[in-house]
Amino acid sequence: MIRTHVRVVSALIRREMRAHFGESRIGYLWALIEPALHLVVYLIFFTLVLKRNAPIGTSTALFMMTGLIPFFLYSKVMNYVSQSIASNRNLLTLPPVKPIDVIVARATLESITYLFVGFLMFLGLYISGIAEALPYDLLAVMEACTLAIGIGLGIGMTNIVIQSFFHNWMSIFGMFSFPLWIFSGIWFLPDQVPQPFREYMLYNPLLHIVMMFRAGFYWNINSFYLDTYYVVGVSILVMVVGFALMQVARRKVLEPT
């Protein structure tokens with residue numbers, strides 16, 4: 001049974017790679033260019049428009065990258081998983097292919113892709129002379145990435161179920177989740193936020209993931225507000241809820257739209 005699922009997931013990953021990147025190498029190159037363009041645009045806006053420098057360390061580019069990578073890792077996995085059933089509905093008519101296979105294949109591909117992109121981006125910063133781009137606590141970085149993937153996976157599965165009842169859900173979800181982009185600590189440290197707003201923002205698990213990720217690069221960062229137990233608990237909770245909803249609403253999820 002396990003071998004069958006592994007073979008199915010492997011085949012789905014290969015299929016998703018062809019669909020996601022195309023048959024040429026340009027698609028793989030774009031996976032690197034896209035986040036690089038994000039960094040350049042946000043770096044210009046942060047330094048030239050807002051005229052701000054990094055609140056910690058010597059590199060504004062590194063500070064922004066340590067916020068962008070964990071956030072985009074969550075966001076990319078969540079969005080890719082959310083569309084997994086709708087994009088593979090025909091395949092799910094085949095007996096060996098289960099919804100969980102499609103979900104695992106998509107989450108695995110997007111996670112590996114963006115982790116590799118992040119590695120190349122930090123490597124580029126290190127080669128350019130930014131010594132802090134080499135993490136001093138790799139375990140903290142790996143933990144943050146794992147939690148970001150877990151929350152993205154859990155919310156993605158939940159979105160699949162909600163979409164099966166409300167087809168325009170992702171548009172609504174996009175509007176409600178946009179504030180996460182602003183309040184997840186990509187551009188700032190929690191210490192810079194005055195009370196009582198800081199207390200409200202600390203309920204956002206992505207803020208803790210960004211703090212954890214940054215703690216792997218900056219030895220002198222203040223981790224007082226980082227609550228590891230909270231973010232681990234949230235990650236486990238959303239994955240359990242997402243998986244449970246997928247099981248309960250399995251027939252509805254597989255209904256043709």
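The values are calculated or read from the model by the stated rules, or taken from the named source; none is laboratory data. No experiment lies behind these values; they were computed from the predicted model shown. Reconstructed Cβ throughout: ideal geometry from the backbone, glycine too, with neighbour counts over all protein chains shown. Heavy atoms of the whole protein, side chains included, go into the accessibility calculation; ligands, DNA and RNA do not. Shrake-Rupley method; radii C 1.70, N 1.55, O 1.52, S 1.80 Å.
Listing for the model above:
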quantity: Count of residues meeting criterion [aliphatic (A, V, I, L, M) and surrounded by 17 or more Cβ atoms within 10 Å (Cβ to Cβ)] in region 171-188; calculated: 1
quantity: Members of region 208-237 found to be out of contact with any Gly (no Cβ under 9 Å at 6 or more places or on another chain), open to solvent by less than 70 Å² (accessible area, probe 1.4 Å), under 26 Å from Leu125 (Cβ atoms) and not β-branched (Val, Ile, Thr), listed by number; calculated: Met212, Ala215, Gly216, Ser223, Tyr225, Leu226
quantity: Of the criteria (1) at pLDDT below 90; (2) over 29 Å from Arg89 (Cα atoms), which one Phe176 fails; calculated: (2)
quantity: Residue in region 106-120 that is closer than 21 Å to Leu237 by Cα, in contact with an Asp or Glu (Cβ under 7 Å, 6 or more places away or on another chain) and modelled with pLDDT of 90 or more present; calculated: yes
quantity: Residue identified as part of a helix (DSSP H, G or I), hydrophobic (A, V, I, L, M, F, W, C) and modelled with pLDDT of 95 or more among Met157, Met170; calculated: Met157
quantity: Single match in Ile162, Ile149, Ile130 (criterion: touching a Ser or Thr at 6+ places or on another chain (Cβ under 7 Å) and surrounded by fewer than 21 Cβ atoms within 10 Å (Cβ to Cβ)); calculated: Ile130
quantity: Lone unmet requirement of (1) modelled with pLDDT under 90; (2) surrounded by 11 or more Cβ atoms within 10 Å (Cβ to Cβ) for Gln195; calculated: (2)
quantity: Top-ranked residue in region 32-63 [being in contact (Cβ under 8 Å) with a residue 12 or more places away in the chain, more than 22 Å from Phe116 (Cβ to Cβ) and touching a Leu at 6+ places or on another chain (Cβ under 9 Å); ranked as surrounded by the fewest Cβ atoms within 10 Å (Cβ to Cβ)]; calculated: Pro55
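Here is a yes/no grid of residues against (1) in contact with a helix residue (DSSP H, G or I) (Cβ under 8 Å, 6 or more places away or on another chain); (2) touching a residue at least 24 places away in the same chain (Cβ under 8 Å); (3) under 20 Å from Gly57 (Cβ atoms); (4) not charged (D, E, K, R):
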| position | (1), (2), (3), (4) |
| --- | --- |
| Asp137 | yes, yes, yes, no |
| Val141 | yes, yes, yes, yes |
| Ile182 | no, no, no, yes |
| Ile221 | yes, yes, yes, yes |
| Tyr230 | yes, yes, no, yes |
